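The values are calculated or read from the model by the stated rules, or taken from the named source; none is laboratory data. Predicted model, so just to flag it, every value in this text is computed and none were measured. Glycine gets a Cβ as well: all are built from the backbone with ideal geometry, and neighbour counts include every protein chain shown. Just the protein is used for accessible areas: all its heavy atoms, side chains included, with ligands, DNA and RNA removed. Shrake-Rupley method; radii C 1.70, N 1.55, O 1.52, S 1.80 Å.
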Amino acid sequence: MKNIYKILFAFVSVLAVSCNADDVEDRPIIEAVNTPELIAPESGKTFVLDEDNAAAVADRFVWSSAKYSDNVVVTYTLLMDKKDGDFTEAKTLATTSNITQAEVLVRDLNQAAIDLGGETEVAALYDVKVMSSVSGGVPMTSESLISISVTPYSGRVDYDFEEWYLVGDASVAGWNNNNGNQILFRSATNPKEYKFTGFFKAGAFKTIKNLGNWAPMYGGADGSLVYRGTEADPDPASFVIAADGFYTFTMNIETLTYTLVAYDASAAATYSTVGIIGSSTAGGWDASTAMTQSTFDAHIWSLGVTPLNNGELKFRANDAWDVSWGASTPFTGVGSTAGGSPNIPVEKSKYVIYFNDLDGSYLMIPNQE
């Protein structure tokens, strides 16, 4: 049976000149005569989600129009909850305005299932329904719902860290805040401490948190960091490089201190290739996945969005085991070339990866689209 509601819109004005008794009498009463009801997909449909198809459409959800007695803009919200849940903690799959359908992507359906407590690679039942609302009114929800089975993949890896990048004419990107800027390597033991050892041109630089934005930013002088929280705040002094060469820059955003010292790279080996290898990689322990060498600094390597499985990896040079780097910490650390060094643990996700062969620093950022 369809819900029947009467929603009274009483727009109370604080401007005395615009309100009188006749205005109140003329205000419309908007009557809802039909709740929205899901039409497709059919109840009982099974979704076995595949990470390789994360950007694909899992399904198109279609519902009937919510009908009101006046011409109003209707907002629809597609909701998903655990089977037999009360929808107080439901997850939103889609929101539309006056449109009675929505395409739900695999990654969004997957994340909703994970957020609702779903276990990876395990099928579970979920309920889906649609809610309609108009400005100032009480939302209406469908009287019926559909149940679906969802088997999610790994979802997002917990990663509660922030990144910082170099910007300035001393760095690879110049004074462009979104041009392949060099990332700083974060300490594995202190998430507030960052370091980069590499080539700098004579000039100046600062650090920025978000590519494409000039704040938050750090500059400084005489060993003290100066923070710029917004672009309305004063611009801090730049860190200065007196001559082309290799330097180590470190900064601690908790103690607001930094160091900038020369680094002797004259004896450092230059490798023709560096790659990742291990049970988490596409080639397993049999073949390296090649990284891209920087044209600005031959010791810096990167790898764009790359899917990795649960497992382990190491970095190695020249597609051989003569030189390889291992460590025990996920996401970030300093790899050791010593024999018997541990393998780096990896949790299934997509990663952007950075590596510095001068000091073995690595950074693996998960949850990339």
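Quick one: which of 238-248, 41-51 comes out on top by average Cβ neighbours within 10 Å, and what's the full order, highest first?
Numbers: 238-248: 15.9, 41-51: 14.1.
Ranking the peptides 238-248, 41-51 by packing returns 238-248, 41-51.
For the range 164-262, what class follows from the C-alpha gyration tensor (a ≥ b ≥ c being the square roots of its eigenvalues): rounded when a/c is under 1.5, otherwise prolate if a/b is larger than b/c, else oblate? Don't skip to the end; give the middle numbers.
Working: a/c = 1.29, a/b = 1.06, b/c = 1.22.
The shape class here is rounded.
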Packing-based ranking, highest mean first, of 297-304, 92-99 given that Cβ atoms within 10 Å are counted: 297-304, 92-99
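Using mean Cβ contacts within 10 Å as the protection proxy, how do 350-358, 83-91 order, highest first? All intermediate terms of the calculation are to be shown ahead of the outcome.
Details: 350-358: 21.4, 83-91: 12.9.
So the peptides 350-358, 83-91, ranked by packing, come out 350-358, 83-91.
Tell me the trypsin sites (Lys or Arg not before Pro) within the range 129-198 that lie in a loop according to DSSP and have at most 14 other beta-carbon atoms within 10 Å. Walk me through the intermediate numbers first.
Details: sites: K129, R156, R186, K192, K195; in loops: R156, K192.
Counting only loop positions with at most 14 other Cβ atoms within 10 Å, the trypsin sites (Lys or Arg not before Pro) in the range 129-198 are R156, K192.
Would you mind getting me the FRET efficiency between W321 and A232? Use the beta-carbon distance for r and R0 = 51 Å, nearest 0.05. Could the numbers behind the result be given before it?
Values: r = 53 Å, r/R0 = 1.05.
After rounding to 0.05, the efficiency reads 0.45.
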Whole-number accessible area per residue in Å² for the range 274-366, which is evaluated in the context of all protein chains at 1.4 Å: 38 Å²
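Could you look at the chain and say what percent of its accessible area is carbon and sulfur, using a 1.4 Å probe and all protein chains?
50 percent
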Lys/Arg +1, Asp/Glu -1 at C-beta; the range 100-213 dipole; positive extreme among G203, L105, N213: G203
Cα long-axis angle, helix 106-115 against the chain (0 to 90 degrees, to the nearest 10): 90 degrees
Shape category assigned to the range 82-165 from the gyration tensor of Cα positions, a/c cut at 1.5: oblate
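Considering only protein heavy atoms, with the full assembly of protein chains and a 1.4 angstrom probe, order M364, M131 by accessible area, largest first. Write down the numbers at each step before the final one.
Numbers: M364 5, M131 50 Å².
So, going from the largest accessible area down, we get M131, M364.
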Heavy atoms of Y263: accessible area, 1.4 Å probe, square angstrom to 10: 80 Å²
21 Å Cα-Cα threshold exceeded, pairs from K67/K129; K91/K129; K45/K129; K91/K209; K195/K350; K82/K129: K91/K209; K195/K350
Net +/- balance of residues flanking T141 in space, Cβ distance below 12 Å, scoring K and R +1, D and E -1: -4
Accessible surface, per residue, of the range 164-262 when the full set of protein chains is kept, probe 1.4 Å, Å²: 44 Å²
